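Worksheet for the structure shown next.
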C-alpha cells in the first residue's frame, strides 16, 4: 500500500466539512491522501434550503473536488469518484461501484441522510433537503405546483396544490418554511396573478413543543414569531404518521390534504456494509467513536462529523450534528495522524454558536452567551455563510444573488429545470 | 373569447426569441396575450454549449417568464406552462397536457428540436444541445466519462471513455468541439493527473467538406485551423450512419469506438397534431408561411422563427434558422397585428451578421462585408452575447464567470449534478 515514497495511504470517505478539512490539515509528507466521494463536488448543506427555494443556484454552493485539491493546501491529495458500498476491515479495502481501494488508515466522513423512521413509501413521496440533488428536486416540485395551480379552475385541486407541508422544526425546516412564507407574501401576488396569496398555505409541523430546540427558548420564540409574521401556520406537538394518496395523517388522528410534503424531520448515518468485523453503532446509525475519533470495534478506522457519535463529559449524549463539530474533528484527527511521535490529543469541541435564518432581515443567532435576533442576526448569518463558502467566484455570485433578492423582495432563480426524459446512462445503477 | 374589455386573445406557443419579442411589441390594448411554453423560463440557445462544457450555469442563461412578463413592456400578458399537443383550428383551441386554451389568433413560435434522420435509437444513445435540460445531461455525461477514466486501469476502456465524438460542423458542433478541445488542452493535466491529455480524443465529424458552411470560406478555414490548434480531430466529408453498442459507423464503412457522441447534425420543427385542417409543411417539418408569417392552409394561425419556412426573392430557399430572423419576425408580426387599420407589412430580413466561437480568444464573425477572426472577434462575440442575455443579474453573473474562466484557463462549474433517483412526480408523462 505504501507508494514509491514510502508514504502510507489515508483514505477518506466523504468530502464534506469534516473530510475536506482533514485532507487539508493532515501532513501530506507522511500520508498519501485519497478522497472518495459519490459526487465530484464539495457541497454546502446549510444553504440547500436556498436551492430549494430558488434563491441560489446549486453551482454557487458547490465546488469541484478536483479544483479544490489542485490548490496549495492539498498537494498530493487525489480524488476518486465513487459510492463506497463495502468496507473490508481484514483486507483493509473499501469497495465502490467501480473499484476496490486499499487503505492503511480509513476515515469515514460520509455524513447523514434522511431518516424516514420506517414510514411506508415516504422516501418516494416526500421531498427532502439532504443533498444538492434533493434540493433541486424540491425546487422543481414546488414550482410545478405553482404553475399548475395557476391554470386550474377547480378550487379544491388548487388547495391541494397550494398547500405546502414542512415536517420538522429544526433549522432546515424553519428555514425552508420561512422561504416558502416569503414566497407567499412577496412573490405570488406579483408573479402569479391568477393565484390569491391567501390560497397558499405553508404549514410547519413539529413533534416537540418548540422550534429550534437546540438553540434555546429565546430562539424558539423568535422563530415562531418570525414564521407567523410570514403567515406560516406553525403546528407544534404534532407528529406525522403517514402520507398516502395525498393525505398526511398525524398522531392525533387529524388529516391534511396536500400534494407537497417537505421532510426535514430526521437524519440517519449513511449506511455501509462491513466485512471482517462489525463496528459499534449508536442510535441514528452513527459510529460509536472514542475521543480520538476511532470507531469502537474496528482497527485503523475512524469516523468524524455527523456520522460519528462521540460522548465526552461536556457532551454526555453525543455532539451536535453540525458543521463546526465536523470541521474541528477533521482538524483534530489531522493533527493526531500527523504527529511523528504518534501523540494523540483528545477532541475538545469549541462551540462557536449556532444560527438559523427565518427570512429577510429575520434570523436567530446564539454566540456564547450572546443572543441576537432580527436584522443584525440576519446580517451576521449572511456574512458568516458567505465567508464559509469555498471559492472567491462562488462567494461573489452568492453575494450578487443575495443582494439582488434582498432589494427585489424576490428569489430570482425560479427555474423548473426538468430532468431529461432518459435516465443518465451510467449512474442509475450506482445508488 | 373576448375578455371583459373586449380584447381578442392572441395565444403564442413558445417563449423563445421570436415569441417573447412578439409579446413585447404587440399592442396589448388590442390583444389579450397568452404565452404558453413547456418550460417556465426563457432560455438562450446560443450558450447551451457552455452549459454542456461547464462554463456557465443554466440559471445564468435562463429567465423565468413570470418575472419577465411582470415587467413594463408586457402589461397584460399572461403565462401558462404546458406542452401544446394538439391544435384544433375549427374550435380555435390549443390543448396542453393540462388544459384547453381558446384563441382568436394563434402564433406558433415553438422552434426546433433534434433531427435524428430516422437513425435507430439515436435519440436514446447520443447527447444533444437543443435545450437546457439536454445541455445539462451532456455536461453530466462528459464529467462522468472523465471521472471514470481517471480510475480505470484498463487502457482500452479508458480510450472508449476518453473519446468524444461531436457530429455536425455548424456553430453548435464547432463550439462544443472547441470547448472539449480546451478541456483537453488546459484542464486535464491540471485536474485529472491520472489521465494523459493525449489519451483524450475530441473528434468532430461533418458530412460536408467545410465547417460553418453558412458563414463562408474564410470562417470555415479559421474554424478548422482554430479547432486543430485545440487538438480537435476534424473529419470532413464524413457521414455518421449508426451508433450501436458503443460503435459509431460511418458512411465510408469505417468505425469508431466511443462512449460519448454529441449530436448537433440536424434540426426539425417541433411536432403538433392538427385537427380541422392541415397546415402546409416544408422540409425539416417547418410550416410554410407567406411573407406575413401566415401558415398556408390555415386561418388565423401564424408561425415565426425556426419553425417557419418563408421564401422571399432574397431567400428563395427559406430564411436561416437563427435568433435574428425569429426576433425580427416577432417584431414584424407584432406590428401587423397591432395596426388599427389592419395594414400588413411584408417581412424583410435585415441580416446583422453571424458569429461562432471556437475557444479562448478564437472566434469568427461575419458582419455585412466585414469579416473578423481571432481575439477581436472573440471579444465581439462576448459583448454581443452578454448584451443579448435577459436580465442584469444574469449578465453580471455570466460576465464574472467568463472573466473567471478566461483568467484561470478553466471552466469552473464542473459539477456532475445527478438527477434524483425518483423521476419527478408529475412531468414524466408530459413529454
Pick from the stretch B:182-196, criterion at pLDDT below 95 and more than 11 Å from chain A (Cβ to nearest Cβ), ranking: nearest to residue B:416 (Cα to Cα): B:183
Within the stretch A:260-281, considering residues that are surrounded by 15 or more Cβ atoms within 10 Å (Cβ to Cβ) and assigned to a loop (DSSP other than H, G, I, E, B), the one farthest from the chain's Cα centre (by Cα): A:279
Across the stretch A:1-15, what is the total count of residues that are crowded, with 21+ Cβ neighbours inside 10 Å and either free of Cβ contacts under 8 Å to residues at least 24 places away in the same chain or farther than 30 Å from residue A:358 by Cα (or both)? 4
What helices (runs of 4 or more DSSP H), lying completely within the stretch B:16-76, carry at least 1 residues that are closer than 28 Å to residue B:358 by Cβ and in contact (Cβ under 8 Å) with a residue 40 or more places away in the chain? B:17-25, B:48-52
If you scan the stretch B:85-106, which residues turn out to be more than 16 Å from residue B:277 (Cα to Cα) and part of a strand (DSSP E or B)? B:96, B:100, B:101, B:102
Residue tally, condition assigned to a loop (DSSP other than H, G, I, E, B) and over 24 Å from the mean Cα position of the chain (by Cα), over the stretch A:292-315: 8
Just one of (1) at pLDDT 95 or above; (2) over 29 Å from residue A:38 (Cβ atoms); (3) not in a helix (DSSP H, G or I) trips up residue B:120, so point out which. (1)
Collect the residues in the stretch B:57-67 that are within 10 Å of another protein chain (Cβ to nearest Cβ) and under 20 Å from the mean Cα position of the chain (by Cα), keeping them in residue-number order. B:57, B:58, B:59, B:60, B:62, B:63, B:64, B:65
Provide a single number: the residues in the stretch A:278-291 that are within 14 Å of residue A:106 (Cβ to Cβ) and in contact (Cβ under 8 Å) with a residue 40 or more places away in the chain. 1
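Yes/no per residue for (1) without any contact (Cβ under 8 Å) to a residue 40 or more places away in the chain; (2) touching a helix residue (DSSP H, G or I) at 6+ places or on another chain (Cβ under 6 Å):
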position: A:327; (1), (2): no, yes
position: A:335; (1), (2): no, no
position: A:339; (1), (2): yes, no
position: A:342; (1), (2): yes, no
position: A:348; (1), (2): yes, no
position: A:357; (1), (2): no, yes
Within the stretch A:74-96, take every residue that is within 25 Å of the chain's Cα centre (by Cα) and loosely packed, with under 15 Cβ neighbours inside 10 Å and give me the one that is nearest to the other protein chains (Cβ to nearest Cβ). A:85
Looking at the stretch A:244-259, is at least one residue more than 21 Å from residue A:126 (Cα to Cα) and not in a strand (DSSP E or B)? no
Which of the residues belonging to the stretch B:118-144 are more than 18 Å from the chain's Cα centre (by Cα) and either under 30 Å from residue B:92 (Cα atoms) or more than 9 Å from chain A (Cβ to nearest Cβ) (or both)? B:118, B:119, B:120, B:121, B:122, B:142
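So in the stretch B:201-214, with the set limited to residues that are more than 17 Å from residue B:231 (Cα to Cα) and in contact with a helix residue (DSSP H, G or I) (Cβ under 6 Å, 6 or more places away or on another chain), which one is surrounded by the most Cβ atoms within 10 Å (Cβ to Cβ)?
B:212
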Return only the number of the condition from (1) within 14 Å of another protein chain (Cβ to nearest Cβ); (2) under 30 Å from residue A:329 (Cβ atoms) that residue A:170 does not satisfy. (1)
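Kindly evaluate residue A:220 against the criterion of being surrounded by 17 or more Cβ atoms within 10 Å (Cβ to Cβ), free of Cβ contacts under 8 Å to residues at least 24 places away in the same chain and touching a helix residue (DSSP H, G or I) at 6+ places or on another chain (Cβ under 8 Å).
Taking the combined requirement at face value, the residue satisfies it.
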Kindly provide the set of residues from the stretch B:223-243 that are in contact with a helix residue (DSSP H, G or I) (Cβ under 6 Å, 6 or more places away or on another chain), in a strand (DSSP E or B) and either outside the structural domain of residue B:366 (by TED's automatic domain parsing) or within 20 Å of residue B:180 (Cα to Cα) (or both), ordered by number. B:232, B:234
Within the stretch B:364-409, the residues that are surrounded by fewer than 16 Cβ atoms within 10 Å (Cβ to Cβ), under 23 Å from the mean Cα position of the chain (by Cα) and either at positive phi or not in a helix (DSSP H, G or I) (or both) are B:367
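The values are calculated or read from the model by the stated rules, or taken from the named source; none is laboratory data. Owing to the predicted nature of the structure, the values given are computational and were not obtained by experimental measurement. When we count neighbours, we look across all protein chains shown, and the Cβ atoms used for this are built from the backbone with ideal geometry, even at glycine.
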